[in-house]
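Undergrad: Sharing a structure, written as structure tokens. Questions coming.
Readers should treat all values here as calculations from the given coordinates under stated rules, not as data from a laboratory. Remember, it's a predicted structure, so these values are computed and weren't measured experimentally. All Cβ positions, glycine included, derive from the backbone under ideal geometry; neighbour counts span all protein chains shown.
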Amino acid sequence: MRPAELRAAADRAELARGIRYRSFFLLLVGTVLAVAATNVLIGTVGLLRETRSRPLTVAERVDYAQQDIARRWHAWPAAVVFPEELEYTGLGRIQQYARRVGIAPEAGCGAGVDSPVAGVLAEHRCRTLLRATYVDQTSTFVITVGVAVFPDEEERLRATAKLPVDDRVGVRPVAFPGTATELFGAAQRQRNGWVGAGPYVVFSTAGYADGRTREAVASQEILHSELWPTAQSVAGRIARSLGEPPTVPRCTQGNVC
């Protein structure tokens, strides 16, 4: 075979190898791109499934309600936690209104309660104490309400199981000078009590605006007085508001699934 023919044959063989390599390369690139596109598609579908609105599960609904209630003490304005007026039922079943005189600065749990109560609150991780003072419609009774905040309802239940059964101890009064509450101190407390709601213990203590001490009031008078029912009603309304179940959306993105 002539040299020219040999070179031509070699060139043809080289060209054939190049074509085979190129075809293999293109096949490899196509395969990689196909796999990548499949992965992107799968990821996109998964993301859409994950982020699209869907009905809340029972556990998610419970968690939503618990979190909403647990943050109310700091998410709500103080004037919503302690409304300016609270309705209660007086003698003759007449609707009357207790009036808020003032709101105390937020305090540590141990600072605003008696020592037997403070130990229980500290043991069960009480976070803070909110207090406000009210008078009844005639400004005869003075009522201090204290809201102790716990991490969750379970911790609050453990705490209330250990609170002393003694109506002489509880939340400390908050008096505001120049008002009908200015004579209301620890000695003027006639009774103390509490009610639980979610992660909160709502304490109440009540006395007379004229400064009468517990010892100066006959026990029978307290039993037949409107004082304690009024205090219970005021504290109960605050507790119900803080612990009222919220409206839970049906879906993860509102009420449309």
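Undergrad: If r is the Cβ-Cβ distance from Ala187 to Val58 and R0 is 51 Å, what FRET efficiency results, to the nearest 0.05?
TA: The computed FRET efficiency comes out at 0.50.
Undergrad: Another one. By per-residue mean of other Cβ atoms within 10 Å, what is the highest-first order of 195-201, 97-103, 157-163?
TA: Taking the mean over residues of other Cβ atoms within 10 Å, the ranking is 195-201, 97-103, 157-163.
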